[in-house]
1. Helix 15-29 against the longest principal axis of the chain: what's the angle in degrees, Cα atoms only, rounded to the nearest 10?
2. Helix 31-40 versus the longest principal axis of the chain: what is the Cα-based angle in degrees, 0 to 90, to the nearest 10?
3. Which ordering of 103, 80, 158 is given by a fewest-first count of other beta-carbon atoms within 10 Å?
4. Grab the DSSP H runs of the chain that are 4 residues or longer, score each as -39,500 (n - 2.57), total them, divide by all residues and round the 222 nm result to the nearest 500 deg cm²/dmol.
5. With all distinct Cα pairs included, what does the Kirkwood hydrodynamic radius of the range 75-161 come out to in Å, to one decimal, could you say?
6. Please find the FRET efficiency linking residue 48 to residue 18, where r is the Cβ-Cβ separation and R0 is fixed at 22 Å, and quote it to the nearest 0.05.
7. In Å³ and rounded to a whole number, note down the convex hull volume per residue for the Cα atoms of the chain.
8. Kindly state, to the nearest 0.05, the FRET efficiency for residue 101 paired with residue 55, given R0 = 25 Å and r defined as their beta-carbon distance.
């Protein structure tokens, strides 16, 4: 039997405020808000799962707090890969015909942010959006990297197989 801390009639008058606060916190803190609340609900979790949810929550809060720095850092990395590809450094240094950048991220929100950042970088003679492949950590756990269906920044889906 489930135990409920309160029932709707007890919060009816404040429900609008509760809902608005919840939405505002979600916007302010992103996925970290859910990860933190997930550890506070009193559900039985293995200690390892509780720990990893707290770590992911802290990571998400940190990314939210320092979003501009993280976004600039990732944009610099993407720009470096794109510039190296355009200059054919992969061929000169390693003899590769081509390469792809496999980018695993924590959640859909972060994946969308990374793709938006990538699409703002125009560099000639580069595959641009097709150079980067994005899954979430959760999606990657369900399949091997070779069997994974990866999403390119242009929305196209592809696999390494």
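1. Roughly 30 degrees between the two axes.
2. Long axis of 31-40 versus the principal axis of the chain: about 40 degrees.
3. The most exposed by this proxy come first: 80, 158, 103.
4. When only DSSP H runs of four or more count, the value is -17500 deg cm²/dmol.
5. 13.4 Å
6. E between residue 48 and residue 18, to the nearest 0.05, is 0.10.
7. On the way: hull volume 26.3 nm³, N = 161.
Per-residue hull volume (Cα only) is 163 Å³.
8. For residue 101 and residue 55, the calculated efficiency is 0.50.
Read-outs throughout are calculated quantities, based only on the coordinates presented, and are distinct from any laboratory measurement. Computed from a predicted structure; not experimentally measured. Heads up, the Cβs are rebuilt from the backbone with ideal geometry, glycines too, and the neighbour counts pull from every protein chain shown.
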